[in-house]
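Remarks on the structure that follows.
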Amino acid sequence: MELIYVGHSGFVFRGRECSVIVDFYKDSDGGRGEGVVAREVIPAKESLYVLATHAHADHFNPSVLKWYRRRGGVRYVFSSDIQVDDREAPVSFLEKGGEWGDGVLRVKAFGSTDVGVSFLVEMEGERIFHAGDLNNWHWKDESTAEEARAANLAFLRELDVLSRQAGSVDVACFPVDPRLGADYALGARQFVDKVRPRVFVPMHFWGDYGKANAFQAYAEMRGCRFWALHRPGERVEIEGDELKYK
C-alpha cells in the first residue's frame with residue numbers, strides 16, 4: 001500500500017484496487033490545482049473513496065463533491081455533521097459506532113473529543129486509523145486544572161473504546177499539534193501506549209515539521225515505525241514492517 005501525504009491531516013492510501021483520500025481540504029501544492037490529488041488521484045482509473053471526519057474547514061473542502069461528476073467510481077463516506085446540498089452525490093453518513101462497507105472497503109466510525117468522528121478503515125488487508133480531531137485537547141498552558149482533567153478523562157474514555165473494539169491497527173494518522181504548548185504530544189503518547197499501531201504518522205501540526213517529527217523517538221521507543229514528514233506530496237510504500245521511501 002502506498003501512503004501519500006497531501007497536507008495537514010489529508011492523506012491518500014493507494015492499494016491495488018482503489019484509492020482512499022481522507023480529510024482533503026487543499027491539494028499538496030497549496031490548493032492551486034496542480035498537486036498530487038489533481039494530477040494523479042482524480043484522473044486514475046481505480047475506484048476512489050473520499051472520507052471526511054468532520055466539517056471543520058481544515059478537514060473538509062466541499063469541492064470534493066465535484067469529483068464524482070468528473071469521473072466514475074467515486075464514493076463518499078462523511079461524518080454526519082457534514083451538510084451536503086447535492087442530493088445526487090453518492091454519500092453515506094456515519095455517526096460514532098456506525099459502519100459502512102461495500103466488499104472492497106470497510107469503514108467504522110469511532111469517537112472524537114471535538115466534532116465529528118474518527119475512522120478505522122480496512123482495505124486490502126490493512127487496518128488504517130485516522131483520528132480526525134480525536135486528541136487530548138487539554139490546552140494545559142491556558143486551561144484550568146479542572147478543565148485539563150476533564151479533557152484528559154474524555155480522551156482516555158475514547159481511547160478505551162477504540163482499543164477494545166478496533167483490534168490491531170497497522171497505520172495510524174494522529175494529531176501532534178504544537179498549538180497545545182508544552183505537552184503538545186501528550187495525546188499522541190497516550191494513543192501509542194494504548195493502541196500500539198504498527199506505523200505512526202503525525203498530522204495536524206500546522207506546518208511545524210520539526211515539532212511533529214520530534215515525536216519519532218517516543219513512538220519508536222514504544223515499538224512503532226514512524227513516518228517523518230517533510231513536505232506535502234511525499235510518499236512511502238508500506239510493506240509489512242518496512243517503510244520504503246519514494
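Laboratory data are not the source of any read-out in this text; all were calculated from the coordinates shown. Everything numeric in this text was worked out from a predicted model, so none of it was measured. Virtual Cβ from ideal backbone geometry, glycine too; neighbours counted across all protein chains shown.
Summary of computed values
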{"read-out": "Helical contribution to [θ] at 222 nm, DSSP H n ≥ 4, -39,500 (n - 2.57), averaged over the chain, rounded to 500", "value": "-5500 deg cm²/dmol"}
{"read-out": "Estimated inter-spin distance, residue 115 and residue 93, nm [label 7 Å along Cα→Cβ]", "value": "1.3"}
{"read-out": "Simple spin-label estimate for residue 32 and residue 194 in nanometres, 7 Å along Cα-Cβ", "value": "4.2"}
{"read-out": "Efficiency of FRET from Cβ geometry, residue 241 and residue 57, R₀ 41 Å, rounded to 0.05", "value": "0.70"}
{"read-out": "Three semi-axes of the equivalent ellipsoid, region 1-142, Cα gyration tensor, whole Å, largest first", "value": "22, 18, 16"}
{"read-out": "The chain: relative contact order in percent, alpha carbon pairs under 8 Å with at least 6 residues between", "value": "16"}
{"read-out": "Extreme residue, positive dipole direction of the chain, given options 77, 109, 174 (C-beta unit charges)", "value": "77"}
{"read-out": "Electrostatic dipole magnitude of region 2-245 [Cβ: Lys, Arg +1; Asp, Glu -1; Cα centre; debye, to 20]", "value": "320"}
{"read-out": "Fewest-first ranking of 143, 9, 168, using other Cβ atoms within 10 Å as the exposure measure", "value": "168, 143, 9"}
{"read-out": "Total formal charge among the other residues, if their Cβ is under 13 angstrom from that of residue 139, Lys/Arg +1 and Asp/Glu -1", "value": "-4"}
{"read-out": "Total formal charge among the other residues, if their Cβ is under 15 angstrom from that of residue 99, Lys/Arg +1 and Asp/Glu -1", "value": "+2"}
{"read-out": "Given 26/140; 108/211; 45/246, the pairs whose alpha carbons are separated by over 28 Å", "value": "26/140; 108/211"}
{"read-out": "P(r) of the chain over all Cα-Cα pairs, binned every 5 Å from zero, in whole percent", "value": "1, 6, 15, 19, 22, 18, 11, 6, 2, 1, 0"}
